[in-house]
Amino acid sequence: MNFARPKRPRSLLLAPAALTALIALVPGALAAAPTELPSPEQGLNLLVVGLDTRRGVTEEEKERFRLGGKECDCTDVMMLVHVSAANDRIDVVSLPRDSLTSFPADHRDRRTGKLHAAHPAKINSAWAEGGSSFTVEIVESMTGLPVHRYLEIDFRRFMDTVDRVDGGVPICTAEPLKDPSTGIDLQPGTKPVGGGEGLQYVRSRKADGQMDFGRIHKQQKFVVNTLERLREGILDDPERLTDFAATLRGTAAAERGISTAELLTLAARLRDLPPDRTEFATVPVRGFNPDIAGVGSTLAWDEEGAAEVFGRLREDRPLPAAEEVAPSAIPVGTYAPAAGSSLICP
């Protein structure tokens, strides 16, 4: 996988993170709301995760949108959102769900109450074993960055948030897109969708042969088009914006969880930030690891490239350009970079 960024970055990488950014781009967004959102000297880091859980989803929705499979209670979307100390730049780095990590000894399993020995694991299983606090701990350990705030979004909240967009969010595709797992079946062209179909689209990983990395690109396109739609109405309406932010945030308790008031405070801080000051990328990956018993197939980060990426964020500097990071050893057929392509529906 290459470290690649669009020439015209418009939003955050994955749907949950980007919807947070939508709030952050609103002019004059209710800055008077009380908040304790920090202002670190080296910038603010927000960890955004998307949970694979069907809690609150009806049986009819599960059938209609192909959500009846076994949930993993894991974070299949993970990204770090870095807001510069000067509030003049947003950098977003996606952490692939199959990234190999090591969980430390003596962490307590939230499901069983038992203490674990140290063991290898995929990064996305941290939430299943230890919840939000353990997820934050593992991300901090792997990146060397402090996580100041955290936001998690499940299937229910994603659908409800997208449904706040009047008229739906357009999906555009140049080729037929059919995924038997999620049920998405699109002909070439553009189609507006609500939360359920939007979820099918951003979850699709078997329609184009690019698996998780192709799914990342779909999420990019969906997020950018969501931003374009919101600019047509919600972003100019404080009452609707507050409702949108509250829906996105939800009510779940979480370690260092960002509040609705803090989301709106972040919006006020970034009210003058132009769209081209948001950059997104994926952590540099060296390739696939040999299968590990009890863990399965995993990805290895490129240690030098990852250190460069997170080192720059630690120093509150912009992300490196694509040519400054070595390309991945993963075959091109597995991941085709989207750099330079238009992400916006016509």
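Readers should treat all values here as calculations from the given coordinates under stated rules, not as data from a laboratory. All values derive from a computational prediction rather than experimental measurement. As a convention, Cβ positions derive from the backbone with ideal geometry for all residues, glycine included, and neighbour counts pool all protein chains shown.
Okay, here's what the table says:
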{"quantity": "Inter-label distance for ALA86 and ARG110, nm, one decimal - labels placed 7 Å from Cα along Cα-to-Cβ", "calculated": "3.8 nm"}
{"quantity": "Over region 15-323 - Rg/Rh using Cα atoms and the Kirkwood inverse-distance radius", "calculated": "0.94"}
{"quantity": "Long-range HN-HN contacts of ARG66 with modeled amide H, under 5 Å", "calculated": "none"}
{"quantity": "Under 25 Å from the Cα of LYS114 - lysines, other chains or at least 8 residues apart", "calculated": "LYS70, LYS122"}
{"quantity": "Computed magnitude of the charge dipole of region 263-302 (debye, nearest 20; Cβ of K, R +1, Cβ of D, E -1)", "calculated": "180 debye"}
{"quantity": "Order of PHE280, PHE213, PHE310 under a 10 Å beta carbon neighbour criterion, fewest first", "calculated": "PHE310, PHE213, PHE280"}
{"quantity": "Low-density loop positions, GluC sites (Glu not before Pro), region 212-306 - DSSP coil, at most 13 other Cβ in 10 Å", "calculated": "GLU232"}
{"quantity": "Mean Cβ neighbour count within 10 Å, used as a protection proxy, ranking 83-93, 317-327 highest first", "calculated": "83-93, 317-327"}
{"quantity": "Virtual spin-label span in nm between ARG64 and GLU41, 7 Å along Cα→Cβ", "calculated": "5.3 nm"}
{"quantity": "VAL92 long-range amide H proximity, modeled H, under 5 Å", "calculated": "HIS82, GLU279, PHE280, ALA281"}
{"quantity": "Spacing of the two label points (7 Å from each Cα toward its C-beta) at LYS206 and ARG271, in nm", "calculated": "4.8 nm"}
{"quantity": "Anchor LYS221: lysines whose Cα lies under 25 Å away (excluding residues fewer than 8 positions away in-chain)", "calculated": "LYS7, LYS62, LYS178, LYS191, LYS206"}
